[in-house]
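Enquirer: Starting off with a structure, shown below.
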Amino acid sequence: MYGFINTCLKFLVAEKYGEETWEKLRIQAGVQDTFLTFEVYKDEITMQLIDKACKMLDVPPDMVLKQFGEFFFEFCKRSGYDHMLRTLGGNLYEFIENLDALHSYLSLSYQEMNAPSFRVEKNEDGSMHLHYYSDRRGLCHIVPGIIGAAALDFFNTEISMEIVNQTEEEERTGKKEHIVFLVTQKPVFSYKKRNKFSSSPQYTADSGRQIEKQLNKEDIEKNLNKIRDRTSLVSICPAKKNHWETIRGIVTLGRGKLLRGFDPAYPTTLWIDTKTFCNGLPFHIVFDEELRVKQSGVSIQKIVPGLQTMGIRLDHYFSIVHPEVTFTISSIQKFINSQFVFRTRREMMPESWKQRPMLELRGQMIWMESLQCMLYLCSPLLRTLHELEERQMHIADIAPHDVTRDLILLNQQRLAEMELSNQLERKKEELRILSKHLEEEKKKTEALLYAMLPKHVANQLKEGKRVEAGEFKECTILFSDVVTFTNICAQCEPIQIVLMLNSMYLRFDRLTTVHDVYKVETIGDAYMVVGGVPVPVSTHAERVANFALGIIIAAKEVKNPVSGNPIQIRVGIHTGPVLAGVVGEKMPRYCLFGDTVNIASRMESHGIPSKIHLSPTTYYCLKDKSFEMTERGEIEVKGKGKMYTYFLIRNRTATENEIMGNPIKESDSDHESVQSFQESRIKMIQSSCQQAMQLNSDQYQPPTIAMKYIDGLTETQASYKGRSQERIMDLTGKTHDFESYGCLHGDQQPGSDPYLPNQERIKSAPEEPQNRNVRSNFCNLV
């Protein structure tokens, strides 16, 4: 079938059931989304779409096909075939009778079209028998939809169609399916006409007949009076009118009413000689019941020299292409209202002509009862000038009155326009596919950009706007690093370090989604996140605390490439105000500035392996929450003096699965604490550490379930929009020790023992506050 049919089916599903239904149907059927109008597709595609539509919509096939038939009629009207369909006939019988002629005309443009065939018979009771022949099985229910929609639209008639016979006539006609429908008609009155009569059906029928009779009588009397007046005038006037002028006068006076009783006039003798007839109609054949040729036109004799011998059998030189019936006089009489297409037989042509394409003739059959012969009035079936040249014919071979001359020239232009339209349609489809791919790539690019910068910041940069710095009165910052990372780097290959960090950071990145915290940056083994920036939230400390508990657990799943044991990390958290903004044009980064960054870094560098070190401000934010914390006591913090710090132990109410963003199991319904799971989890981790080392970004994608938080409106959040639009004139004019996160990491030195008391480590550290050589270590290993 041509793509026009599949496109119609697509629009039917999309309009009646929605675009989403079509998309599901298309995926289930395994077909493309767009069909080219003039492209030929396999019938299996259409059958598959119909079959899947019946199953998906839970509708019987006959109902789906009938709906498709009704919609196909409307779709043809929308596509520009409205006037062509409307002018096929003045009533339903003539409309159906000329459907084959319409298909024959369309085959000039759609050369590979395999259309069904229709034959209609009138019954005495006013009903009709419609014979439907098709090469495709199972599509007969489309016919009631198409014919019913056409009858209601063009002729204001409702019809009912039922199948009275269904056979297969493959041997006799070449067709696979022959369906006979009984068609009964019922006129439909408009609303205005209904109001003129009573609601009683009997009264309506009787009144209608009386009015019709009365109108007919009045028209006849008026016409007769006018004819008498005209006759009297004619008798007085010496000028005489010929026969046709009299007929035109009657029709004009009667306003066309008397055409129903028109009786044509025939001459007593045929005023045309045989030679003139054969020259004037160069393409015609007369043959008898035994298919013996009695007469033929001069042009057809030139193309088929065998016809010059009278009495030869027609079926020896021609085969019937359409309708696909056996070549007998009875079969031809049965389909006499159809157009017949004959094709010359190659074996009967002269030897020198056998390489030419065979000529096809198209025309109508007329049975001459008095002579018991059949007249075949035809014309050569040629679509283009190229086909004319291939058969070594010329325009002059076709009679001047034959519209085939004009049709060939017009169709030549039509085919050129169709080819251009087809090319434009292909380019349109290519552009649609490219646009779809471009949209997908755009989404990937945006996803990558949003992973590097906050969404609102990225959107401003895309629009070419300047991103102003924003002040956040309260947020929570976390730093983490790997214990003895320098020693690990010294004893391993660079690729082992990359795999270890990648495995660890993939788990950390997933937890940022679970707790909705913003990942600022990673430098070497250092990992930095912030809660409450860039979107202020009241639960920033709780989010970061749960994130810290999660990365402690996640780090135990990553294996040390040197010892084979799980790695250990230190975590430090601090809460306070920061200034945030984008610095630089090339590779812009969203940076945090302020003393809060420095203190958070000190909490990490002064921490203990596998412990979460809290500053006093973070402790006060969490103390009334569901977290268990313990005092560490007063310690000396480099650059800050003595500080009283704390350790975060666990979350009393959240389970490990909730913190890790894993699907919650039934065993978690009692909300056991995270700490109670650690011992059993460590045993499972021991066996899976080796596999975890090999995971990459494509393989490690466990399901992520975001943890729920209830945020209240903070002061920062309420005034964030107004403050973020204010321009900060000076970012460095304050007396605070502002340091960027890129330079603020702990003071651990290569070879230092991570288990030494913090005071000893602090004393052994140099005086420079940013001397940690994480960057240099990371650069050395890659």
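Enquirer: Scan segment 435-456 and tell me whether some residue there is β-branched (Val, Ile, Thr) and open to solvent by less than 80 Å² (accessible area, probe 1.4 Å).
Expert: Scanning segment 435-456 turns up no residue that is β-branched (Val, Ile, Thr) and open to solvent by less than 80 Å² (accessible area, probe 1.4 Å).
Enquirer: Select from segment 537-577 the residues that are touching a Phe, Trp or Tyr at 6+ places or on another chain (Cβ under 7 Å) and open to solvent by 10 Å² or more (accessible area, probe 1.4 Å) and write down the one among them that is nearest to Gln496 (Cα to Cα).
Expert: Arg543
Enquirer: Provide a single number: the residues in segment 493-523 that are out of contact with any helix residue (DSSP H, G or I) (no Cβ under 7 Å at 6 or more places or on another chain), hydrophobic (A, V, I, L, M, F, W, C) and open to solvent by 20 Å² or more (accessible area, probe 1.4 Å).
Expert: 3
Enquirer: Identify all residues within segment 304-314 that are touching a residue at least 24 places away in the same chain (Cβ under 8 Å) and open to solvent by 30 Å² or more (accessible area, probe 1.4 Å); write none if there are none. Before the answer, list the steps.
Expert: Our first condition is that a residue be touching a residue at least 24 places away in the same chain (Cβ under 8 Å); within segment 304-314, this holds for 304-306, 314.
Residue satisfying the conditions is Pro305 alone.
Enquirer: From the list Ala101, Ala53, pick out the single residue that is of a type outside the set (Asp, Glu), buried (at least 18 other Cβ atoms within 10 Å of the Cβ) and assigned to a helix (DSSP H, G or I).
Expert: Ala53 is the lone residue from the list that is of a type outside the set (Asp, Glu), buried (at least 18 other Cβ atoms within 10 Å of the Cβ) and assigned to a helix (DSSP H, G or I).
Enquirer: Inside segment 17-39, can you point out the residues that are closer than 22 Å to Tyr2 by Cβ and in a helix (DSSP H, G or I)?
Expert: Trp22, Leu25, Arg26, Ala29
Enquirer: Something else: Quick check on Leu461: is it at pLDDT below 85, surrounded by 10 or more Cβ atoms within 10 Å (Cβ to Cβ) and over 30 Å from Gln364 (Cα atoms)? Break it down stepwise before answering.
Expert: Numbers: at pLDDT below 85: yes; surrounded by 10 or more Cβ atoms within 10 Å (Cβ to Cβ): yes; over 30 Å from Gln364 (Cα atoms): yes.
Yes: the conditions hold for Leu461.
Enquirer: Quick test for you: out of Gln301, Gln295, pick the one residue that is open to solvent by 30 Å² or more (accessible area, probe 1.4 Å), in a strand (DSSP E or B) and within 21 Å of Asp397 (Cβ to Cβ).
Expert: Of the residues listed, the single one that is open to solvent by 30 Å² or more (accessible area, probe 1.4 Å), in a strand (DSSP E or B) and within 21 Å of Asp397 (Cβ to Cβ) is Gln295.
Enquirer: Considering only residues that are open to solvent by less than 60 Å² (accessible area, probe 1.4 Å) and either part of a loop (DSSP other than H, G, I, E, B) or of a type in the set (S, T, N, Q) (or both), which ones fall in segment 631-661?
Expert: Lys638, Thr645, Asn651, Ala654, Thr655, Asn657, Gly661, listed by residue number.
Enquirer: Are there any pairs, at least 6 apart or on different chains, whose C-beta atoms fall under 8 Å, with the first in segment 634-651 and at positive phi and the second of a type outside the set (S, T, N, Q), and if so, which?
Expert: Matching pairs, first to second residue: Gly639/Arg602; Gly639/Asp737; Gly639/Pro769.
Enquirer: Continuing with this model, one more query. Looking only at residues that are over 23 Å from Val403 (Cα atoms), of a type outside the set (Phe, Trp, Tyr) and part of a strand (DSSP E or B) in segment 279-292, which one is least open to solvent (accessible area, probe 1.4 Å)? Write out each step before concluding.
Expert: Quick first cut of segment 279-292, residues over 23 Å from Val403 (Cα atoms) only: 287-292.
From the residues that got through so far, the ones that are of a type outside the set (Phe, Trp, Tyr) too are 288-292.
Those still in the list that are part of a strand (DSSP E or B) too: 288, 292.
Numbers: Asp288: 23, Arg292: 90 Å².
Only one residue tops the list, namely Asp288.
Enquirer: Here's a follow-up. Only residues that are part of a helix (DSSP H, G or I) and either within 13 Å of Ala548 (Cβ to Cβ) or not aromatic (Phe, Trp, Tyr) (or both): list them for segment 620-630, please.
Expert: Of segment 620-630, the ones part of a helix (DSSP H, G or I) are 620-622.
Result: Cys621, Leu622.
Enquirer: Would you check which residues across segment 481-530 are within 43 Å of the chain's Cα centre (by Cα), at pLDDT 90 or above, not aliphatic (A, V, I, L, M) and not in a helix (DSSP H, G or I) and list them?
Expert: The answer is Asp516, Tyr518, Lys519.
Enquirer: What's the number of the only condition in (1) open to solvent by 70 Å² or more (accessible area, probe 1.4 Å); (2) in contact with a Ser or Thr (Cβ under 9 Å, 6 or more places away or on another chain); (3) without any contact (Cβ under 8 Å) to a residue 12 or more places away in the chain that Gln423 fails to meet?
Expert: Unmet condition: (2).
Enquirer: Residue check, Glu439 against (1) under 30 Å from Pro616 (Cβ atoms); (2) acidic (Asp, Glu); (3) out of contact with any strand residue (DSSP E or B) (no Cβ under 9 Å at 6 or more places or on another chain), all met but one. Which one?
Expert: Looking at each condition in turn, Glu439 falls short on (1).
Enquirer: Quick one: which of Val544, Val517, Val578 is touching a residue at least 12 places away in the same chain (Cβ under 8 Å) and farther than 19 Å from Phe627 by Cα?
Expert: Val578
Enquirer: Okay, next question. Give the residues of segment 16-30 that are in contact (Cβ under 8 Å) with a residue 24 or more places away in the chain and not aromatic (Phe, Trp, Tyr), sorted by residue number. Please lay out each step first, then the result.
Expert: Step one: filter segment 16-30 for residues in contact (Cβ under 8 Å) with a residue 24 or more places away in the chain, giving 16-17, 21, 24-25, 28.
Selection gives Lys16, Thr21, Lys24, Leu25, Gln28.
Enquirer: Related question: Hydrophobic (A, V, I, L, M, F, W, C) and more than 56 Å from the chain's Cα centre (by Cα), is that true of Leu307?
Expert: Here the answer is yes, as Leu307 does meet what is asked.
Enquirer: Considering only segment 321-355, state which residues are open to solvent by less than 30 Å² (accessible area, probe 1.4 Å) and of a type outside the set (Gly, Ala, Ser).
Expert: So the first thing to find is which residues in segment 321-355 are open to solvent by less than 30 Å² (accessible area, probe 1.4 Å), and the list is 323, 325, 329, 331-332, 335, 338, 340-342, 344, 349.
Across segment 321-355, the qualifying residues are Pro323, Val325, Ile329, Ile332, Phe335, Phe340, Val341, Phe342, Thr344, Met349.
Enquirer: Only residues that are exposed (fewer than 15 other Cβ atoms within 10 Å of the Cβ) and either under 16 Å from the mean Cα position of the chain (by Cα) or in a loop (DSSP other than H, G, I, E, B) (or both): list them for segment 40-50, please.
Expert: Result: Lys42, single match.
Enquirer: Six or more apart or on different chains, Cβ atoms under 6 Å: show the pairs whose first residue is in segment 362-390 and over 14 Å from Leu410 (Cα atoms) and open to solvent by less than 50 Å² (accessible area, probe 1.4 Å) and whose second is assigned to a helix (DSSP H, G or I) and polar (S, T, N, Q).
Expert: Ser379/Thr404
Enquirer: Taking segment 568-619, which residues are in a loop (DSSP other than H, G, I, E, B) and over 16 Å from His540 (Cβ atoms)?
Expert: Gln568, Gly584, Glu585, Lys586, Met587, Pro588, His606, Gly607, Ile608, Pro609, Ser610, Lys611
The values are calculated or read from the model by the stated rules, or taken from the named source; none is laboratory data. No experiment lies behind these values; they were computed from the predicted model shown. FYI the Cβ positions are ideal-geometry reconstructions off the backbone, even for glycines, and counts take in every protein chain you see. Surface accessibility is based on the protein's heavy atoms, side chains included, excluding ligands, DNA and RNA. Shrake-Rupley method; radii C 1.70, N 1.55, O 1.52, S 1.80 Å.
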